[in-house]
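Structure first, then comments.
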Amino acid sequence: MAKIATLPEPTETRALWRRWELPTWGVAIAIYASWATLLMWHEHVPWPIEALLAAYILAWHFSLQHEAIHGWRSLPTWLRTAIVWPPIGGWWPFELYKRSHSKHHRNTHLTYPGEDTETQYHKREDWSGYTPAFRSVLLFNHTLLGRLTVGPILRLRKLVLVETGKLKRRDFSDMPAWLGFFAGLSVVLWFVTQVARMPIWHYYLVWVLPGISLGLLRAFIEHRWGERPGERTASVESNWIFGLLFLWNNLHIVHHLYPTLSWFEIPGFWKRNREKLLTHNGHFVFRGYLEIARRWLLKPVFVPIHPAR
């Protein structure tokens, strides 16, 4: 996707705290400190509140990993990778996420099944081969309620199918990432079980699954089919609670046009160039996640058959 000709390129700021990306350091410290603190005090927190806080922390960590893929350019790649690498999210190696997400950013391929690694669309021929029950599950997954409940299970199912498929083809290229992941996860789960005295099942049911679910909220309507690539990426003008959680990636059109723009620069750039950005993406914008919930809590956001495939 070419840059919008009438939009100025984001300029490098001279402020020291921005140049050294101190807000990103602050987020990293806050994530790991809050993760350890909630683990140590979890027995004193009612589990519904614990689940909400844990979901926020783990989804926040996933947002930080996303920032490390595109931004945080004041650090060398190895250092920002090391900071976000610890697998506290419990389900996906950072290296595989980075590889998959980089393919997603081929903007002219957005939404195409088989090419866009994060698409929710399916090829028509694949859809016709699914059982009626599976098609019903996929349609439910295109409601917001479905995305937050069965969405994490479908996401994990996809990961298992992709990785086992590679093994069946004798493709072992992902094995180093998985071996490192399980080594790191063993340390995380040692801390969870031996230091925080939390059962593994509790960590996965009350922490990991809600964390995946909350992360899927942002992705629910950020892409849809459009004739022009620019029309395929949305923006959700949410509040600071979700803005900080997603590191303003909810203003998604800005991110896809300027992926290396630091997360804390995105809101200002959006405000200064809002009308031009909306012209570019066909006014694909929402006034927050409450609007999205009102429209699609129980109604599919779109039928997941790709119009052009």
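The values are calculated or read from the model by the stated rules, or taken from the named source; none is laboratory data. Remember, predicted model here, so these are calculated numbers, not experimental data. All Cβ positions, even for glycine, are placed from backbone atoms using ideal geometry, and neighbour counts span all protein chains on display. The area values use the complete protein model at the heavy-atom level, side chains included, leaving out ligands, DNA and RNA. Shrake-Rupley method; radii C 1.70, N 1.55, O 1.52, S 1.80 Å.
At 1.4 Å probe radius, can you tell me the per residue accessible area of the chain in Å²?
Solvent-accessible surface per residue comes out at 50 Å².
Return the subset of LYS98/LYS123; LYS98/LYS166; LYS103/LYS158; LYS103/LYS276; LYS103/LYS271 for which the Cα-Cα distance in this structure is over 22 Å, preserving the input order.
Where the Cα-Cα span goes over 22 Å, the pairs concerned are LYS98/LYS123; LYS103/LYS276; LYS103/LYS271.
Full-extension gain between ARG272 and LEU145, please, as 0.36 nm times their residue separation minus the C-alpha to C-alpha distance.
Once the chain is fully extended between ARG272 and LEU145, it gains 42.3 nm.
Once you place label points 7 Å from the Cα toward the Cβ at ARG294 and VAL187, how far apart are they in nm?
Distance between label points: 4.7 nm.
I want to check the label-to-label distance for THR279 and GLU95. Put each point 7 Å from Cα in the C-beta direction and report it in nm to one decimal.
4.6
If you build the Cα gyration tensor of the chain and take the root of 5 times each eigenvalue, what three semi-axes come out, in whole angstrom, biggest first?
29, 26, 20
Search the structure for amide H atoms under 5 Å from the amide H of ILE305, placed 1.01 Å from N in the peptide plane, and list their residues when 5 or more places away or on another chain.
Residues meeting the criterion, in which the H sits 1.01 Å from N, are HIS122.
When N counts the residues of the stretch 15-68, how does its alpha-carbon radius of gyration compare numerically with 2.2 N^0.38 Å, as a ratio?
It is 1.34.
Label ARG170 and HIS202 with points 7 Å out from Cα along Cα→Cβ: what is the distance between them in nm?
Taking the simple label geometry, ARG170 and HIS202 are separated by 4.7 nm.
Explain nothing, just compute: Karplus ³J(HN,Hα) = 6.51 cos²θ - 1.76 cosθ + 1.60, θ = phi - 60°, for every residue of the stretch 236-247 in order, whole Hz, x for Gly and Pro.
10, 8, 9, 8, 5, 4, 7, x, 5, 4, 8, 6
Carbon and sulfur together cover what percent of the accessible area of the chain at a 1.4 Å probe radius?
65
Read phi for every residue in the stretch 139-151 and hand back ³J(HN,Hα) as whole Hz from Karplus 6.51 cos²θ - 1.76 cosθ + 1.60, θ = phi - 60°, with x for Gly and Pro.
Ordered by residue, 3J(HN,Hα) equals 5, 5, 5, 8, 8, 5, 4, x, 4, 7, 10, 8, x Hz.
VAL137 to LEU52: extension gain in nm, 0.36 nm per residue of separation minus the Cα-Cα distance?
Taking VAL137 through LEU52 to full extension adds about 28.1 nm, to one decimal.
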